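> Dropping a structure here in structure tokens format, bear with me for questions.
Please treat every number below as a calculation from the coordinates, not as lab data. Here the structure is a predicted model, which means the values were calculated and not measured. Here the Cβ positions follow ideal geometry from the backbone for every residue, glycine too, while neighbour counts run over all protein chains shown.
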Amino acid sequence: MKKTISSILILGTVSLFGFDYKLKPEKVNENTWCFLGKLEAPSKQNGGFMSNHCYVNTGKSYVLIDSGGTYEIAKQAYEQMQKIANLPVDTVILTHEHDDHWLGASFHKEKFNSKLVGTSAINKHYEENSKTRMFKMLTPDAIKNTKIVKIDKEIKEPTILNINGFEFQIIPVGTKAHTSDDLFVYVPQIKTLFSSDLVMNGRITSNRDGSVIGQLKAIKMIEEMDYKNLVPGHGLDTSKNAINETKQYFTLLKQRVLEAIEEDVGVENITKVIKMEEFKNKALYDELNSRNVFDAYRELEFYEEE
Ligand SMILES: [Zn+2]
């Protein structure tokens, strides 16, 4: 009983002052700053700060790649960026429909009327009162003011935005990869690639809406670009090597599942046979790996190599 009362008191204090995310921008290069989320699933404790979003300083304004998962994350991140350079947010590029990457854009829309550019899946799959995962999972003080936004410019083919002399190349994968509609962003002037969830590191990916074959295609497309920094959708490594783990994971997953199918391993045994041991110390392994193996089996069961 005592415990219940004290936890109510703690939650009460939190709501009174709002959820403090204690955000710190990480400098990736001269123009790029990122907020790198925790390597966890969204929870009441982390307030949904478990995805990456980045600011590119174009001199006159910021262009963002993704926005964080709540209005408060976006607001508190912007307050940190204001200390570095007090610029408005011109454009927010939203890479895919998972809500931890775009709900924060409700802050940029409200404060700057920023142009929201990105995947059409957001307009297609969500309405003003849709209650996505974050709305159901987070505490009221973390989710407050967060709203569903609409994409102003839907990206359906490779598109270049020229903003203050910076080229933002927005490239859709064109097939189901991490979700049904993913895009990545490349800025040649700073040789920086923003892969969003097509690449993760330090944790296991969630392939529940994705495809092993599509992921491998996306990895190939990304590797053809000439980048010095690659910022993943989740993960702290933003170097040129940031893609290695994801590439290894999907390459081995495909190879092992195809071998198991060849050896007539049934679906009921597949997660016992394929463990992806190399990744067992990565975050979210226990939560996500078996599901990825199972889904890969279902996807590859009738697969024929092209
Ligand atoms: Zn995602």
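> Compare the Cα positions of LEU64, PRO140, ASN269 along the charge dipole of the chain (+1 at Cβ of Lys, Arg; -1 at Cβ of Asp, Glu; about the Cα centre) and return the one farthest towards the positive end.
Positive-end residue among those listed: PRO140.
> Between GLU127 and ASN162, 0.36 nm times their residue separation minus their Cα-Cα distance comes to what?
Taking GLU127 through ASN162 to full extension adds about 9.6 nm, to one decimal.
> Could you go through the stretch 98-112 in sequence order and give the Karplus-derived ³J(HN,Hα) for each residue, using 6.51 cos²θ - 1.76 cosθ + 1.60 with θ = phi - 60°, rounded to whole Hz, and x for Gly and Pro?
5, 5, 5, 9, 9, 4, x, 4, 4, 5, 5, 5, 5, 7, 10
> Right, here's the next one. Taking H as built 1.01 Å from N, whose amide H comes closer than 5 Å to the amide H of GLU26, not counting residues under 5 places away?
CYS34, PHE35, LEU36
> List every residue whose amide H lies under 5 Å from the amide H of THR91, counting only residues 5 or more places away in sequence or on a different chain, with H placed 1.01 Å from N in the peptide plane.
Those qualifying (amide H under 5 Å, at least 5 residues apart or on another chain) are LEU64, LYS115.
> Also, I was wondering about something else. For n ≥ 4 DSSP H runs only, could you compute -39500 (n - 2.57) per run for the chain, divide by its residues and tell me the 222 nm figure to the nearest 500?
Roughly -10000 deg cm²/dmol at 222 nm, from the helical runs in the chain.
> Hey, another quick one. Using per-residue counts of other Cβ atoms within 10 Å, averaged over each peptide, order 214-224, 294-304 from highest down.
Ranked by mean Cβ neighbours within 10 Å, highest first: 214-224, 294-304.
> Hey, another quick one. Determine the shape class of the chain: with a ≥ b ≥ c the square roots of the Cα gyration tensor eigenvalues, call it rounded for a/c under 1.5, and otherwise prolate if a/b is greater than b/c, oblate otherwise.
The shape class here is oblate.
> Express in whole angstrom the spacing between the alpha-carbon centres of the stretch 33-68 and the stretch 180-245.
15
> Taking a temperature of 10 °C and a viscosity of 1.306 mPa s, what whole-number D in µm²/s does Stokes-Einstein yield for the stretch 212-263 with Rh from Kirkwood over alpha carbon pairs?
It comes out at roughly 132 µm²/s.
> Here is a further query. Rounded if a/c is under 1.5, else prolate if a/b is larger than b/c, else oblate: which is the stretch 114-198, with a ≥ b ≥ c the root eigenvalues of its Cα gyration tensor?
Prolate, because a/c is 1.5 or more and a/b exceeds b/c.
> Provide the packing ranking of 25-36, 130-141, 69-80, i.e. peptides ordered by the mean count of other C-beta atoms within 10 Å per residue, highest first.
For the peptides 25-36, 130-141, 69-80, the packing ranking is 69-80, 25-36, 130-141.
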